[in-house]
Number of protein chains: 2
Amino acid sequence: MLVSALLMSVGINSCLCVLFFILYSVLRKQPHNYEVFLPRRLAAGTSKRRRNKVARYIPSVRWIWKSWRPSEKELMESSGLDGVVFMRMITFSLKVFLFAGIIGIFVILPVNCFGDQIIQIDYADWSANSLDIFSVANLKINSPWLWVHFGAIYLVTAYICCLLYFEFRYIGLKRIEHFHSSKPQPHQFTILVRNIPSSDGSSVSDSVDRFFTENHFSTYLSHVVIHRTSKVRSIVDRAKKLYKQAKRKKPDPHQVKRTPMRFFSRKDTPEGHYEKVLQELEHNIRLGQAEVSSPGKEVRAAFVSFKSRYGGAMALHMPQSINPTYWLTEPAPEPHDVHWPFFSASFMQKWLAKIVIVFACLLLTILFLIPVVLVQGLTNLPALEFVFPFLTLILSMKIVSQIITGYLPSLILQTSLKIVPPIMEFLSSIQGHICHSEIQKSACNKVIWFTIWNVFFATVFSGSAFSKLSVILDPKEIPVKLAVAVPAQASFFIAYVVTTGWTDTLTELFRVVPFMVSYVKRSLEPSDDNELDIPAMRYHRDTPRVLFFGLLGITYFFLAPLILPFILLYFCLAYIIYRNQFINVYEPKYETGGMFWPMIHYTMIFSLVLMQAIAIGLFALKKMELATYLLVPLPVFTLLFNEFCRKRFMPIFTAYPAEVLTKRDREDRHDPRMAEFYDKLVTAYQDPALLPLRFSGSRNDSLTSPLLSSNEV
Amino acid sequence: MLVSALLMSVGINSCLCVLFFILYSVLRKQPHNYEVFLPRRLAAGTSKRRRNKVARYIPSVRWIWKSWRPSEKELMESSGLDGVVFMRMITFSLKVFLFAGIIGIFVILPVNCFGDQIIQIDYADWSANSLDIFSVANLKINSPWLWVHFGAIYLVTAYICCLLYFEFRYIGLKRIEHFHSSKPQPHQFTILVRNIPSSDGSSVSDSVDRFFTENHFSTYLSHVVIHRTSKVRSIVDRAKKLYKQAKRKKPDPHQVKRTPMRFFSRKDTPEGHYEKVLQELEHNIRLGQAEVSSPGKEVRAAFVSFKSRYGGAMALHMPQSINPTYWLTEPAPEPHDVHWPFFSASFMQKWLAKIVIVFACLLLTILFLIPVVLVQGLTNLPALEFVFPFLTLILSMKIVSQIITGYLPSLILQTSLKIVPPIMEFLSSIQGHICHSEIQKSACNKVIWFTIWNVFFATVFSGSAFSKLSVILDPKEIPVKLAVAVPAQASFFIAYVVTTGWTDTLTELFRVVPFMVSYVKRSLEPSDDNELDIPAMRYHRDTPRVLFFGLLGITYFFLAPLILPFILLYFCLAYIIYRNQFINVYEPKYETGGMFWPMIHYTMIFSLVLMQAIAIGLFALKKMELATYLLVPLPVFTLLFNEFCRKRFMPIFTAYPAEVLTKRDREDRHDPRMAEFYDKLVTAYQDPALLPLRFSGSRNDSLTSPLLSSNEV
């Protein structure tokens, strides 16, 4: 790639960015776009629907200022600790690439450029030079200038490790602080018990009662046994959908009074029909609820609540039974976070499901490229012409053929990458996780490795998937192979950051899909007053994306330091845009308490070790034997540092320590509201499908609350 | 190796076995050997010192019957669960090799011999045949008879896995049973807390008190802070030694009365000298004790005792502090099992020590052979003649040169292997374990891998240590390389079992070193009445040895089934001999509660997977593609089975479940003796070096009890 090509790409994309920023500032001010760009503020009522008509069309940058302004504490209040962790991932990357950028641009880049160079620089026309003159490939074998790179690697590793340590500690403390400042919540007092052994005759409920009264007498409070409710749930869902439909079709009473005829003339389904079907469904639901609630139909799992957080933690941590596969305990999720469908798994089922899913993910990750490459193969012109003969004329046009051969393959790859997060989420959901946040965490992890493998390694070792596998099976050769392949792709990844990276953030800002959906909906049914659906941040989609650019930056910082300013710009964009989205768009649906950080930490460590492996290979290739041997301890120390961090901080993320729990319990002891809380706690984990429902004859609007008050019509 | 050579070796070694059995039966009846062969019975007083003079010299096999007879329950009572686990390892191997032996001898051996053979059998003179005719090497490429081996591999794997499952379950239940039947013991109520944070001003003792009263109010009983007592301990040890010496030199009062002159005439050190030195030491000890007991001199660790087992377990399992490196809890060992010297390690020190030791062990394991091979190199005749020219005459004799070249190298290897268990024990002891049993467990683990690497792999891949390392770095090639190398060493390992295996058990029976030591002592000081020192079983020395023969049997059962009868015989010998030793020689010093079993289980699984890897390589070499692919799932399933066992049984071995603890606590609740037990519990974990001692002027015999009653002379 030539400097001129890069400059053009940067120019085009910068213009696009500015253009879209301006466009966004206009679009978001249009009232009909509030649902897409400002749903949170709309729901909170802080957005004024009506506005000065002229001001609406004047572009402004005030939104940037507005999203810059809120402090971390405010962000914490509005988006929870998970939002803070996500933003800290970005600021962390900013700090890293500011430091690495200074070293890279002011030290390594000049060295690469003017050191023992291989390629002659064309001083007359800079833009005609290849990008390779800025990369380490430009240095001769055994060049003393390579010691600069050596020093930079040690320096940046040390800097990142320090930063990782302090960040991990900070987030751990935030987590504790968050717990301290939280109100008493049901999941703090509750654990989930699985695989309750079947004692002959007695019901699951009796078993639980007996076991916990016997073994945790002083702290046990109550329990809720879980039922297999998928059938009932499907009927409830159908009823809810139908009710929504009926409600939508039925205009509100005032309107009916004014235009009584229009209602019947426009819709040919009479109101009575809905009423009848709903009544029938309601009856079915009641029957189903009675059936699943009958003894013997229970799942061998229960939510067990305790009188104190300490009591809950005690039961959680202690092995319960002589047979360790019985009475398995795990922390309970927040009640609205529970993923009800997958409660039926026994110990063995859950374990086997996990193994199968892990294998499936591995296969998907490793073999994903094969179908994509096949489909991409179709985009070469002769193949296309063969399959669609009528296209011959169009394809013979130069610009069309250029677009097809140039953009289509990468478009196919990018589009197919977009479907990966939902697939991984689905796979995680059938793995036996009990709550949505766990599913998302697990999916996030899968997507991270998927992205690293399928974007980084697949590009680096471009060839068949099996040849990539053979690299793994020959561990000795990995560093050298990496050192050959990775620098060769430097210009590709620089372009990748500028194009895919920057546009990714713009797509996020514009919320392209919801924007289009809302536009289509509005044009089809302009007056439809849908209830507002505030989306939740999909961490499993965005975290891997951001982390991947971190990986690119870390691995390429000494190979091709030219990538650093673009990465830095990417993170600046991401910082502004994600803050904006947190404030205006996404609402937290549940709280993992910063559980995404360890994943981020491990990915950073992986990036570091990868970078070091490449460095070792590179120094070996450049015949710098001493430097090669001196670099070998670096990954060892990095891994030891990681192990230390794991020992030092991970326990805070897996469970709250006794110290914290007893402190909170002491504070609650004299709180008069606790009696009321305990009453609520007893029923907090009722399956929503088993709660009494009433649709027919109701006109209650709040469909999100499943318990509808009795016939008010 | 020819059949005749094997027959000769078997003949010689069988005769040796019978001879030594007879010799042993005579030697053990000699009263002056009681201390070597029957110390337990001597201590228990069940051995009659005086006997019919003639019967003493008549060989008998009654001892075999006697060691055969005791039931497992009796063994449990006399040697603890660890003894039972050791014996069950042997019976487990017996079961495995009985089954594998039947298949091997009656199915695989005939197939190897008469199938598609490569080597022509010399029917006229069987003994002139090579042993290879019995091995799988005798089958042609792509021979259909290989499917018999295929079936046998699946069958034996399934059988061993079943057996492993039931054995793990059985030992887990035994462990629980053992806990149920035990009296209340201090270590059940106590945990060790490390890394107590230093809060400004207050002593460690106060910190512990405050922390546990705050966080475990309902169950906390008391604590003992640990002091750095290595200095005092060394003085105490010196004093004890001196006291012993003085006591030995001072004849008992009756004797003094009879021959008052002899005492002073024989020994020129007057009694008063000892008395004076002892008094001085006592003074020093008291000073030292006062010094280390003073505040500020404590180690930041303490034994914390609780009112119930449940309370102890609760504090053990729960994470304690916001900083997870503080207030680290671990189960307390039995008070007499505590390894006092290594209490000073902080979290970081302990962790780093562990890493360093693991590296050291790895290095020792991998590079051990280099010095041994160098020393062995000296045993070739020209080298010897060059170093010791005066030996030329002796070395020119044929028999001497044969012995030197034939036996000396293997003798050097065997002798240097003997020093490995103590080295590993030493390394484990500086790793930061808190008790002797942990040290032994950790050493056992190290010795197992050491033996497998340095005897199995070193023999199989005879060559330099570095070429062995390169095998690991090329994982794809491992099965094929194994399949080439392992069968080639079949006759060596058959001979190894017959020679080293059988003689190992005889060495154990004869306790060669203690026997020689006692003989030398007796001849130097015939009348010396040493106090009886009952040895403890060195599990870290014997378990790996027995397990290694299991590994040999499992890996070779289909390659060279001829090994099986000899292995079976080895285990029969081991069964009789170790039972005999448990009954007559070894006394348990502490109880790990069957913690050696998981190690045995994992080694068996390793042997299985190794066998399967060899099989895969072999089938690939024999060009049986279908069989090769069909074998690949086998190691995967074996590892999954292992993972299942780990999940299913390991929790029982790491901690006792709540169910069991509360049951024992309930039983104790109304026991009137508990008050007395609690009194003892408070001081159970006093450092013995800090207990008041009095030597001077005492004539008390029981030196093992450090608290000697006041001057009784």
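Nothing in this text is a laboratory measurement; each read-out follows from the coordinates by a stated rule. Since the structure is predicted, the reported quantities are computational estimates derived from the model, not experimental observations. In this analysis, Cβ positions are derived from the backbone assuming ideal geometry, glycine residues included, and neighbour counts consider all displayed protein chains.
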Whole-Å distance linking the alpha carbon centroid of the stretch A:112-139 with that of the stretch B:530-588 is 70
What base-10 log of the normalised intensity I(q)/I(0) is obtained for the stretch B:481-633 from the Debye formula, alpha carbons as equal point scatterers, at q = 0.11, 0.17, 0.21 Å⁻¹?
-0.59, -1.05, -1.32
Log10 I(q)/I(0) at q = 0.14 Å⁻¹ for the stretch B:111-158, from Debye over equal alpha-carbon scatterers, is -0.38
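Hey, what does the equivalent ellipsoid look like for the stretch B:1-154, semi-axes from the Cα gyration tensor as sqrt of 5 times each eigenvalue, largest first, whole Å? Numbers along the way, then the final one.
Details: eigenvalues 417, 105, 19 Å².
Equivalent ellipsoid of the stretch B:1-154: 46, 23, 10 Å, largest first.
Short version: what are the Cα gyration tensor semi-axes of the stretch A:599-652, square root of 5 times each eigenvalue, largest first, in whole Å?
27, 11, 4
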Report the local net charge at A:W327: Lys and Arg +1, Asp and Glu -1, summed over other residues whose C-beta lies under 15 Å from its C-beta.
+2
Would you be so kind as to identify which of A:F342, B:L569, B:M87 lies farthest towards the positive end of the dipole of the protein assembly as shown, taking Lys and Arg as +1 and Asp and Glu as -1 on Cβ and the Cα centre as origin?
A:F342
Point me to the residue of chain B whose C-beta lies closest to the B-onto-A rotation axis, rounding the distance to whole angstrom.
B:H317, 2
With labels modelled as points extended 7 Å from the Cα through the Cβ direction, what inter-label distance (nm, one decimal) is found for B:L393 paired with B:I370?
4.1
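Over the alpha-carbon set of the protein assembly as shown, divide Rg by the Kirkwood Rh and report the Rg/Rh ratio to two decimals. Provide the component values of the computation, followed by the final result.
Numbers: Rg = 38.7 Å, Rh = 38.3 Å.
With Rh from the inverse mean 1/r over Cα pairs, Rg/Rh is 1.01.
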Treating only the Cβ of Lys, Arg, Asp and Glu as charged (+1, +1, -1, -1), what charge dipole size does the stretch A:1-132 show about its Cα centre? Round to the nearest 20 debye.
1600
Ratio of alpha-carbon Rg to the 2.2 N^0.38 Å globular estimate for the stretch A:385-455, to two decimals, please.
1.70
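Please compute, over every Cα-Cα pair in the stretch B:542-613, the percentage with a separation greater than 21 angstrom.
Numbers: 944 of 2556 pairs.
In whole percent, the long-distance tail amounts to 37.
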For A:T507 and B:S199, extending 7 Å from Cα along the Cα-Cβ vector and measuring point to point gives, in nm, a value of 5.4
So who's got an amide H within less than 5 Å of the one on A:H223, skipping anything under 5 residues away but keeping other chains? H placed 1.01 Å off N, in plane.
A:S305
Taking a point 7 Å out from Cα toward Cβ as the label site, list the nm distances between A:A128 and the same residue in every other copy, smallest first.
8.9
Scan the stretch B:107-136 for chymotrypsin sites (Phe, Trp or Tyr not before Pro) in coil per DSSP, keeping those whose Cβ has at most 13 other Cβ atoms within 10 Å, and list them by number.
B:Y123
Over 14 Å [Cα-Cα, the stretch A:324-375], rounded percent
70
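Quick check for me: using +1 on Lys/Arg Cβ and -1 on Asp/Glu Cβ, what's the dipole size of chain A about its Cα centre, in debye to the nearest 20? Display every interim value, and only then the final one.
Working: 75 positive and 54 negative charges, 385 e Å.
That gives chain A a dipole magnitude of about 1860 debye.
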Nearest 0.05, what FRET efficiency do B:V480 and B:R69 give at R0 = 56 Å with Cβ-Cβ as r?
0.65
Find which of B:S428, B:G593, B:Q30 sits farthest along the positive direction of the dipole of chain B, computed with +1 on the beta-carbon of Lys and Arg, -1 on that of Asp and Glu, about the Cα centre.
B:Q30
Rounded to a whole number, what is D in µm²/s for the stretch B:39-109 from Stokes-Einstein with the Kirkwood radius over alpha-carbon pairs (25 °C, 0.890 mPa s)?
157
List the lysines whose Cα lies under 28 Å from the Cα of A:K354, skipping any in the same chain that are fewer than 8 positions away.
A:K231, A:K297, A:K418, A:K441, A:K446, A:K468, A:K589, A:K647, B:K476, B:K647
I need the inter-copy label distances for B:I22: point set 7 Å along Cα to C-beta, values in nm with one decimal, smallest first.
11.1
Charged-residue dipole, Cβ positions (Lys, Arg, Asp, Glu), the protein assembly as shown about Cα centre, Debye nearest 20
1460
Would you mind checking the stretch B:551-574 for residues with the amide N under 19 Å from a putative spin-label position 7 Å along Cα→C-beta of B:S14?
B:561-574
Cα lying deepest toward the dipole's positive end in the protein assembly as shown, options A:W126, A:P371, A:V480, charges on Cβ
A:P371
How large is ³J(HN,Hα) for each residue in the stretch A:298-303, as worked out from phi by the Karplus curve 6.51 cos²θ - 1.76 cosθ + 1.60 (θ = phi - 60°), to whole Hz, x for Gly and Pro?
7, 7, 7, 8, 7, 8
Put one equal scatterer on each alpha carbon of the stretch A:89-203, apply the Debye formula with no solvent term, and list log10 I(q)/I(0) at q = 0.15, 0.21, 0.24 1/Å to two decimals.
-0.84, -1.13, -1.25
Which is the longest part of chain B that has none of the trypsin sites (Lys or Arg not before Pro) sitting in a DSSP loop with at most 14 other Cβ atoms within 10 Å?
B:298-622
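Can you pull out the chymotrypsin sites (Phe, Trp or Tyr not before Pro) in the stretch B:189-221 whose DSSP state is coil and whose Cβ has at most 13 other Cβ atoms within 10 Å?
Working: sites: B:F189, B:F211, B:F212, B:F217, B:Y220; in loops: B:F189, B:F217.
Taking the stretch B:189-221 and a limit of 13 other Cβ atoms within 10 Å, the loop chymotrypsin sites (Phe, Trp or Tyr not before Pro) found are B:F217.
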How far is it, in nm, from the label point at B:K140 to the one at B:A536 when both lie 7 Å from their Cα along the line to the Cβ?
6.1
Can you list, shortest first and in nm, the gaps between the label point of A:R538 and those of its counterparts in the other copies, using a point 7 Å from Cα in the C-beta direction?
6.4
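Going through the DSSP H helices of chain B, which span 20 Å or more along their own axis at the Cα atoms while scoring at least 0.0 as a mean Kyte-Doolittle hydropathy?
Values: long enough: B:3-27 (35 Å, 2.18); B:72-103 (37 Å, 0.92); B:146-181 (52 Å, 0.76); B:230-249 (28 Å, -1.32); B:271-293 (33 Å, -0.85); B:347-367 (30 Å, 1.98); B:436-451 (22 Å, -0.28); B:539-556 (25 Å, 0.20); B:563-584 (31 Å, 1.36); B:597-621 (36 Å, 1.67); B:633-654 (30 Å, 0.56).
Passing helices, by number: B:3-27, B:72-103, B:146-181, B:347-367, B:539-556, B:563-584, B:597-621, B:633-654.
Do me a favour and compute the ellipsoid semi-axes for chain B from its Cα gyration tensor, root of five times each eigenvalue, largest one first, whole Å.
49, 36, 25
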